[in-house]
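The values are calculated or read from the model by the stated rules, or taken from the named source; none is laboratory data. The structure displayed is predicted, hence computed values, not measured ones. Note that we place each Cβ from the backbone using ideal geometry, even for glycine, and neighbour counts take in every protein chain shown.
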């Protein structure tokens, strides 16, 4: 294990959770991520939208303090000497702003699932709430925590593929190919809870964030063609998006939840003046680097050619799989370093990075621009 991530932290952070009760997939993922490096202790929660389910879920997890709703949780935890220092918000999208606001204004750090909010108006209000609070805000775009994503970002920043020209990113799935019949699909295809974007909000924001994270570039404008192929579906289940980046680079983004044969096939290709990079989430320990005019080179996690940025995110020797849960855990560990630094007033090391509330705003702006563009027959819409 690389010194500098876990060994520098002392004490555990008291953590609360909003949402993520029984049968909620993402809540369990966040709890595993928080436990993996032993930086947090989950002590309190308001885990469901009804008091009965919230209490049953809290009791099943053995929480010390169980609350019926997030507002009473924020008020009472802020008054306790042993109250939570951070809260993980894993509700459906439309509740992110309301829940985060209550904790931010009481100085409790927020770790929030993506996308930031369900509407652009709420996203802007949440940015303002975060700016007015002394607390930190961390957004869990977990793919930014993968070691070889950090490797790619480091190589781009070092100029190893030259000035970027083309970015291609895609995230196809197939789980919504037919009409929704289970809980996760039920709220994710409801615009009142998910927001105006379907695949664009759920997985397109991951692809968009990954493209910007690796390249370090911002998108200036986009043109989107969104479809809802399943009859009666109120949000998009497929999106083709053209991107214009600052500095002249061009990109394409495809997100789909109706692509049979695809599970979580997030992939990115970045091409510069002197070379290219390629990474696939379903094979996450490998990064392909192709200098122009030379054979492709395979860089492996913790293997020959991998740099410090990737090493910081790795836990085990090369050849052993690391992926989704560890990527989430890396975001939680980076957040823990930031919270500990905030607690003591220490400076945060330059290498510590995580998605912030401003990254979340950009993601919601992306969704809003996609919807607006598609309604205007794929007209170009500015994000600048």
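Of all residues in segment 306-325, how many are more than 21 Å from residue 171 (Cβ to Cβ), part of a loop (DSSP other than H, G, I, E, B) and in contact (Cβ under 8 Å) with a residue 12 or more places away in the chain?
8
Among the residues of segment 167-194, which ones are at pLDDT below 95, in contact with a helix residue (DSSP H, G or I) (Cβ under 7 Å, 6 or more places away or on another chain) and either in a loop (DSSP other than H, G, I, E, B) or not assigned by TED's automatic domain parsing to the domain that holds residue 154 (or both)?
Within segment 167-194, 180 is the sole residue that qualifies.
So which residues in segment 326-355 are in a loop (DSSP other than H, G, I, E, B) and surrounded by fewer than 17 Cβ atoms within 10 Å (Cβ to Cβ), if there are any at all?
Selection gives 345, 346, 347, 348, 349, 350, 351, 352.
Tell me the helices (runs of 4 or more DSSP H) entirely within segment 60-148 that contain at least 3 residues that are under 20 Å from the mean Cα position of the chain (by Cα).
Ranges flagged: 96-104, 120-132.
Checking residue 289 against (1) at pLDDT 95 or above; (2) farther than 24 Å from residue 112 by Cβ; (3) within 22 Å of the chain's Cα centre (by Cα); (4) surrounded by 13 or more Cβ atoms within 10 Å (Cβ to Cβ), only one condition comes out false. Which one?
It fails just one condition, (3).
Quickly run through segment 253-270 and pick out the residues that are crowded, with 21+ Cβ neighbours inside 10 Å and within 13 Å of residue 215 (Cα to Cα).
268, 270
So how many residues does segment 356-384 have that are modelled with pLDDT of 95 or more, under 21 Å from the mean Cα position of the chain (by Cα) and part of a loop (DSSP other than H, G, I, E, B)?
Counting residues in segment 356-384 that are modelled with pLDDT of 95 or more, under 21 Å from the mean Cα position of the chain (by Cα) and part of a loop (DSSP other than H, G, I, E, B) gives 1.
So, in segment 37-65, how many residues would count as being touching a helix residue (DSSP H, G or I) at 6+ places or on another chain (Cβ under 7 Å) and farther than 23 Å from residue 135 by Cβ?
Going through segment 37-65 one residue at a time, the tally reaches 1.
For segment 219-231, indicate whether the set of residues that are buried (at least 17 other Cβ atoms within 10 Å of the Cβ), closer than 20 Å to residue 265 by Cα and in contact with a strand residue (DSSP E or B) (Cβ under 6 Å, 6 or more places away or on another chain) is non-empty.
yes
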